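Report on the structure given below.
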Ligand code: BTN
């Protein structure tokens, strides 16, 4: 990455190596870092994904960043932040010319393969979020031959676009898309963001299987609710409300 300044969100702390940018950002947030602070690293030694998984990325191949936010939200509204990050990531990738969509709850896919993931971690004080760290990993310049070692079903911008992409440009686009929606979210209680997320979900209308830690459910993904819940129409017409899980 080069060292241009970012004008939409900031400050941006750029590291060559981090354990996990989410861990660095959480520590900074505990020390009082401002709303909008961004941590970005060329490489992680302990990158984490959702549900205890590792997040692997060859050094300098990917966008690995975490945003510190201090919104006035209740813990039950935290899914909005993940919606916001998935929409911003999808818009940024689209602005670079590739047809990204969102898979419930917050993976970003191109041609049905995962190109980006989001890990939101919250710190709660009383009945409010004290801060949240939104970690975003985008596979940018990982060559197709290296993708199987990264994750099953993974793709990269390089694999889909047939050329290398600037991680710095992607970060700029992503932060601009994030900042615009972050401000709007406070004004309309997240209504426009929810609609944008819903409209860009590739999952709706699809026959899916949802796996949580201990349950597997099949059905048709019928709709989503503003708190991020997926409505799954099961065999026999029962409607299940699903709040966590992996979709396939
Ligand atoms: C997932 O899809 O499971 C979420 C992956 C999130 C990965 C990013 S990379 C930057 C930030 N730091 C981490 O350790 N994880 C997130």
For this session: Given the options 73, 64, 109, state which has the largest fluctuation in a GNM of the chain using a 10 Å cut-off (strictly under) for Cα springs.
Result: 73
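Please work out the ratio of the alpha-carbon Rg of region 122-248 to 2.2 N^0.38 Å and round it to two decimals.
Values: Rg = 18.0 Å, N = 127, 2.2 N^0.38 = 13.9 Å.
Working it through for region 122-248, the quotient is 1.30.
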Problem set entry | Fluctuation leader among 126, 205, 161 - the chain, Gaussian network, Cα springs under 10 angstrom | 126
Problem set entry | Extension gain, residue 241 back to residue 199 (0.36 nm per residue minus Cα-Cα distance, nm) | 13.2 nm
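State the antiparallel share, in %, of DSSP beta bridges confined to the chain, rounding to the nearest 5.
Details: 45 of 53 bridges.
The antiparallel fraction comes to roughly 85 percent.
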Exercise. Convex hull over the alpha-carbon atoms of region 1-87: what's its volume per residue in Å³?
Worked result: 119
Exercise. In deg cm²/dmol and to the nearest 500, what is the mean residue ellipticity at 222 nm of the chain if only DSSP H runs of at least 4 residues count, each as -39500 (n - 2.57), divided by the residue total?
Worked result: -8000 deg cm²/dmol
Seminar exercise, completed: Per the Cα gyration tensor, the chain corresponds to an equivalent ellipsoid with semi-axes, largest first in Å, of 27, 23, 17
For this session: Over the Cα atoms of region 176-234, compute the convex hull volume and normalise it per residue, giving Å³.
Result: 98
Seminar exercise, completed: If one builds a Gaussian network model of the chain from Cα atoms under 10 Å apart, the most fluctuating residue listed among 18, 29, 218 is 218
Problem set entry | Ratio of the Cα radius of gyration of region 58-148 to 2.2 N^0.38 Å, where N counts its residues | 1.19
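Using the number of other C-beta atoms within 10 angstrom as an exposure proxy, rank 35, 127 with the fewest first. Intermediate results must be reported in sequence, preceding the final value.
Numbers: 35 13, 127 8.
With the sparsest Cβ surroundings first, the list reads 127, 35.
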Seminar exercise, completed: The answer for the per residue Cα convex hull volume of region 108-156, in Å³, is 86
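Any read-out appearing in this document is the output of simple, stated calculations on the displayed coordinates, not a laboratory observation. Keep in mind that what you see is a predicted model, and the values were worked out from it rather than measured. Counting neighbours? That spans all protein chains shown, and the Cβs are built from the backbone with ideal geometry, glycine included.
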